[in-house]
Every structure is written in C-alpha cells, then in structure tokens.
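Just so you know, all these numbers are worked out from the coordinates, no wet-lab data involved. Please read these numbers as outputs of a predicted model, since none were measured by experiment. Cβ sites come from the backbone with ideal geometry, for glycine too, and all protein chains shown count toward neighbours.
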Amino acid sequence: MSQTTTGAHPDATSAPSDQALVHAVNVTKAFHGTEVLKGIDMDVHRGEVVVLCGPSGSGKTTFLRCINQLETIDGGRIFVDGDLMGYEDRGGTLHRLPDKRIAAQRRDIGMCFQRFNLFPHKTVLANIIEAPRQVKGTSRREAEAKAHELLEQVGLGDKPSAYPAQLSGGQQQRVAIARALAMDPKLMLFDEPTSALDPELVGEVLKVMRDLAKGGMTMIVVTHEMGFAREVADRVVFIDGGVVIEHGPPNQCLLNPQHPRTRAFLSRMRQEEAAHAEAVVATVTGKASALEAVAAPDDGAAPEEAAGRPPSA
C-alpha cells in the first residue's frame, strides 16, 4: 500500500469534535509539483450549509473532491462522521485504504457535479435506483418506491420513464440530486451545480437545494451564486490560492468583507450577477416575442384565415 507522510501540524492527527460532521486539518494537495491546497482547516457541523467561494483555480473543487476521495491528499487529515477518509493512520503515517473500503466510505456522501453524469441509456427511474440496488442491495420494489418519492421532492414526479436526452439541463441536474439522495447520504457535496445551465434554468435547481437546506441536510456547496449563498448558507468560506482567506456568516463575508482579495472577488461576482439577470430578461423577452409572432395573424391574411377558418367561396 502506498504511504503518505504528513507534516508536523499540531492537530494533524486530531479526531473531530462530537458536533463536526466534516473535520479537515491541514489538508494539502499538489498536482505535478504545483500546490493547489496549502493547509486547509475546516469544520462543518451537522445540518450546516457551508458555501465555498473564490476565483477559478483557487482549490475549491479540489478540496471538495478530497473529502470523498475522488482526489487523494498529500498531507493532513479529513474525517467524515469520525472516519478518517481514504487512509489508515499508523503512528502518524497515512496508509492508503483498499478501494473497496474507500467505496464503502463514500456511500454516505452524495455529490453533484457541474455535469450531470446520468446514464444516457437508462430512464430517470433506472438512473436513480442503480446505486441503491447495486451498492446497498436494496430490493427493486423499495428502491423504486424511494425513487418516486424523490422525484416528487425535486418536482419531476411525471418523469420516471423519460431518458436524459429528453430533459432540460435543469431537469437533468434535479435527477442527479435525486440520484444522490437515493443513497440516504449524511453529507451532500455540490460542485457548481448550476454553472452548466442556461440562465433561466438555474432557479429550479437552487430551489431544490434550498429545500434540502431547510430539511436539515448537511451541505458543502461550491458556487458563484452569491444570492443563494446570502439566503441559504450558514457560513461562507472564501478560498484563494489554496488557502482560506476569510470565513464567517454570509452577512459578514459577503456584505462586509475584510480582505482585499475577497472584496475584489465579490465585485466581479456582482458584475456577473447583473449580466446574468440581463441574460434571463433577454431570454424571457425573446421567448415572449417569438410567441407573439406565432400568435399574431399575418397582416395580409384574409379575415377568415386569420381566425383559423377556411375562406368563403
């Protein structure tokens, strides 16, 4: 088994407190010699919604992927519900767990990506029941009953027989959320779940996420949707250059940021939000104009044709 030796961080081997569902200590990660995470410390408590924000390339997605071991860490520790993720600690040295044990750890963590990653050849229902059937051994009857409940929850109760190609991007992302929830996760990770969507479809996905937050789901969300962060997050963490620059309640971090890099980032986000709003208005206006053009009679048409009746002889 491969080994990774951690640095001498004083709390590197510390287990989480009773309240913390996620406990990350001095997490480091590099790709091809470039440090992406430079010692991330973070606790996420049960029922808490934490939004990670920051410029592209700052390490947010990498940290998210390290939590459920889609990426290995180079140093530090990540605990989820008391379990050291991906490794076994032997005297201060991390030994990588076998793939089977890592897969078992991931069962309690749901993740939604920028892309929906649905099986294109399977129906919506089949996509949702696949993991419970294959991983947990749930009976087909029980898995399908749960899937129908989840589809109602995400507003797609009429789509169990549809295929992904028949759905909009927003609908596909809601199916992806339902699929993750089918495993009854303790923790949900969202990696920019609305970034690949057309502007008018963003709201339907954010509504589902709001409902999850209201229901007490523990969530870590990487997003540039600052309106969602202000409304739903319990805490905002600003990451830049692989380190936590600033963190705190949304009203503090988003409305009164203290660090210059946070202020610069939020200024750019406000500009993007304004452009996003303009895009939504333009899209809706364009669709309304198109409908009016279809509904309006041709000026040169006879009265009978305009009314949909054949012309009189």
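For region 24-96, the pair-distance distribution built from all alpha carbon pairs, in bins 10 Å wide starting at 0, is 18, 54, 25, 3 percent. The Cα atoms of region 77-154 define a convex hull whose projected area, averaged across directions, is 7.0 nm². Local charge for PHE63 was computed over the other residues whose Cβ lies under 12 Å away, with Lys and Arg +1 and Asp and Glu -1, and equals +1.
Measuring from centroid to centroid over Cα atoms, what is the spacing of region 217-285 and region 108-185 in Å? Result: 29 Å between the Cα centres.
FRET efficiency for GLU35 and ARG270, Cβ-Cβ distance as r, R0 = 51 Å, nearest 0.05? Present the calculation step by step, with values, prior to reporting the outcome.
On the way: r = 30 Å, r/R0 = 0.58.
So, using R0 = 51 Å, E works out to roughly 0.95.
One chain, two ends: GLU200 and ALA145. Fully extended at 0.36 nm per residue, the span grows by 16.7 nm beyond their Cα-Cα distance. Given the pairs LYS122/LYS207; LYS38/LYS136; LYS100/LYS207; LYS29/LYS122; LYS29/LYS146; LYS159/LYS186, which span a C-alpha to C-alpha distance of over 32 angstrom in this model? Where the Cα-Cα span goes over 32 Å, the pairs concerned are LYS38/LYS136; LYS100/LYS207; LYS29/LYS122; LYS29/LYS146.
A simple count of charges around TYR87, restricted to other residues whose Cβ falls under 12 Å of its Cβ and scoring Lys, Arg +1 and Asp, Glu -1, yields 0.
Applying a 10 Å radius around every beta-carbon, put 102-109, 222-229, 27-34 in order of their mean neighbour count, most first.
Values: 102-109: 16.4, 222-229: 21.1, 27-34: 13.6.
Per-residue mean Cβ counts within 10 Å order the peptides as 222-229, 102-109, 27-34.
FRET efficiency for the THR72 to THR285 pair, using the beta carbon distance and R₀ = 41 Å, is estimated at 0.25. Computed as a quarter of the hull surface, the mean projected area of the alpha carbon convex hull for region 166-224 stands at 4.1 nm².
Under the 0.36 nm per residue contour assumption, what length would be gained going from the current alpha-carbon distance of ALA103 and SER168 to full extension? Don't jump to the answer; show the numbers that get you there.
Numbers: separation 65, 0.36 × 65 = 23.40 nm, distance 3.06 nm.
Working it through step by step, the gained length comes to 20.3 nm.
How much length is gained on full extension from ASN251 to GLU88, taking 0.36 nm per residue of separation minus their Cα-Cα distance? Numbers along the way, then the final one.
Working: separation 163, 0.36 × 163 = 58.68 nm, distance 3.91 nm.
Computed gain between ASN251 and GLU88 is 54.8 nm.
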